[in-house]
Amino acid sequence: MFNALVITKPESGYRCELSAIDEAQLPAAGDVTVRVAWSTINYKDGLAITGKSPVVRSFPMVPGIDFAGTVSHSDHPRWKTGDRVLLNGYGVGESHWGGLAQMARVKGDWLVALPESLSEREAMAIGTAGYTAMLCVQALQRHWADAGVQPGSGEVLVTGANGGVGSVAISLLAGLGHTVVASTGRLQEADYLKSLGAASVIDRSELGAPGKPLQKERWIGVVDSVGSHTLANACASTRYGGAVTACGLAQGMDLPASVAPFILRGVTLYGIDSVMAPMPRRVAAWEALANTLDRQRLAAITKEIGLKDAVGAASDILAGRVRGRLVVDVNA
Ligand code: NDP
């Protein structure tokens, strides 16, 4: 038997509870069994656990879109017992049982070898949010390399700054020598954002309301986890030839923008998806995280909770009450 969060959908309602499960019930559609050490609470886990958005498609479901642990059994040629692995996305925690559990059975093709220098806990402190932040940063880096943009030659905007994606993005960009401007609704956390490397902090209300199609050119790049008017205004205030990465929808799924920044300033908008990202890009992102992310800053953004606390944390993350990253000790 092992402990897991289990989501059920009785005739009326939607429930997520800590339950004891028989290993024999693990999904048959998997060829590697993993003893999970750490998982996390991402925004999408918040949606899944609370049922606020139809993220979960089949029931019963174990939530948890990511985990790190050790292979306990493998029928897959790439993995053997004892290998340290991590997983993000591929519908795990949505359509396939996920990581908020002491055990998981998944397809070996979905697993990434845990980089040598990362512990399971550090990997999940980064989690899907941090890995997505790195996918954004790497998209900007490819763009900048092509355009000949040097670190420090202009400001980079990070929205949703106190969130998981935002906190890691600030730390990564600052570590690369960029001048980072953090946009937040929690100005009281300005010192925290500066400790991660933000050069300055702006109120998210500056970007969150309808704005002009073209605004004063400011950003050489943007990491946006917020969407809606914020993303539209970020595009409208990006410098000629700059790039915007869009990965989230914390403000909204809409994009009330005009084409003006794209056709008059050559701005590029990159869509960032972590769930189905090709394996070479995943591995490159995790290697870069292992090699470049400042561990002290990572520790500063991380709060640890146990599996039993995960249901409450799901509501907190949707309400914007979580700062940085929540790691879940599935054995506590
Ligand atoms: P968090 O909840 O940790 O962070 C989101 C942050 O957005 C909040 O901390 C808050 O920052 C800000 N925010 C919240 N509500 C609003 C609002 N109404 N208007 C403006 N800003 C708001 O979530 P994550 O960092 O884990 O994820 C961020 C987004 O990225 C989510 O939408 C998530 O679904 C998406 N995502 C997408 C992925 C992909 O593959 N494309 C992968 C991972 C995440 P502050 O308090 O500083 O203003």
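The values are calculated or read from the model by the stated rules, or taken from the named source; none is laboratory data. Please read these numbers as outputs of a predicted model, since none were measured by experiment. Note that each Cβ is placed from the backbone with ideal geometry, even for glycine, and that neighbours are counted across all protein chains shown. Each accessible area value is taken on the protein alone, full model and side chains, heavy atoms only, with ligands, DNA and RNA left out. Shrake-Rupley method; radii C 1.70, N 1.55, O 1.52, S 1.80 Å.
Worth pointing out:
- Failed item in (1) within 13 Å of the ligand (Cβ to nearest atom); (2) within 22 Å of the chain's Cα centre (by Cα); (3) without any contact (Cβ under 8 Å) to a residue 60 or more places away in the chain, with ALA174 passing the rest: (1)
- Among the criteria (1) near the ligand (Cβ under 9 Å from one of its atoms); (2) without any contact (Cβ under 8 Å) to a residue 24 or more places away in the chain, the one GLY227 does not fulfil is (2).
- Within the stretch 144-156, residues that are within 16 Å of THR245 (Cα to Cα) reach partners that are of a type in the set (Phe, Trp, Tyr) with beta carbons closer than 6 Å, at six or more positions or on different chains, in the pairs GLU155/TRP219.
- Residue-level check: of (1) assigned to a loop (DSSP other than H, G, I, E, B); (2) hydroxyl-bearing (Ser, Thr, Tyr); (3) over 28 Å from GLY312 (Cβ atoms), SER58 misses just (3).
- Every residue from the stretch 181-206 that is closer than 23 Å to THR40 by Cβ, away from the ligand (no atom under 11 Å from the Cβ) and in contact with a strand residue (DSSP E or B) (Cβ under 9 Å, 6 or more places away or on another chain): LEU196, GLY197
- Only one of the numbered conditions (1) farther than 29 Å from ILE301 by Cα; (2) within 24 Å of the chain's Cα centre (by Cα); (3) part of a strand (DSSP E or B) is not met by HIS73, and that is (2).
- Candidate set from the stretch 294-310 (those that are crowded, with 21+ Cβ neighbours inside 10 Å and out of contact with any Lys or Arg (no Cβ under 7 Å at 6 or more places or on another chain)); member that is nearest to SER171 (Cα to Cα): LEU298
- Counted residues, the stretch 315-329 - those being more than 16 Å from ARG297 (Cα to Cα) and either open to solvent by 40 Å² or more (accessible area, probe 1.4 Å) or not acidic (Asp, Glu) (or both): 9
- Contacts under 7 angstrom Cβ, first residue in the stretch 307-332 being within 21 Å of ARG186 (Cβ to Cβ), partner open to solvent by 50 Å² or more (accessible area, probe 1.4 Å) and more than 13 Å from the ligand (Cβ to nearest atom), 6 or more apart: VAL327/ARG121; VAL327/GLU304
- In the set (1) within 16 Å of the ligand (Cβ to nearest atom); (2) in a loop (DSSP other than H, G, I, E, B); (3) not polar (S, T, N, Q), PHE67 fails one condition alone, (2).
- If you filter the stretch 39-64 down to residues that are under 22 Å from the mean Cα position of the chain (by Cα), more than 16 Å from the ligand (Cβ to nearest atom) and at pLDDT 95 or above, you find that the one that is farthest from GLY13 (Cα to Cα) is VAL62.
- Residues that are open to solvent by less than 50 Å² (accessible area, probe 1.4 Å) and touching a Leu at 6+ places or on another chain (Cβ under 9 Å) were ranked within the stretch 18-37; the one that is nearest to the ligand (Cβ to nearest atom) is VAL36.
- The selection criterion, being at pLDDT 95 or above, open to solvent by 10 Å² or more (accessible area, probe 1.4 Å) and in a helix (DSSP H, G or I), holds for GLU287.
- All positions within the stretch 85-108 that are in a strand (DSSP E or B), within 14 Å of the ligand (Cβ to nearest atom) and in contact (Cβ under 8 Å) with a residue 60 or more places away in the chain: ASN88
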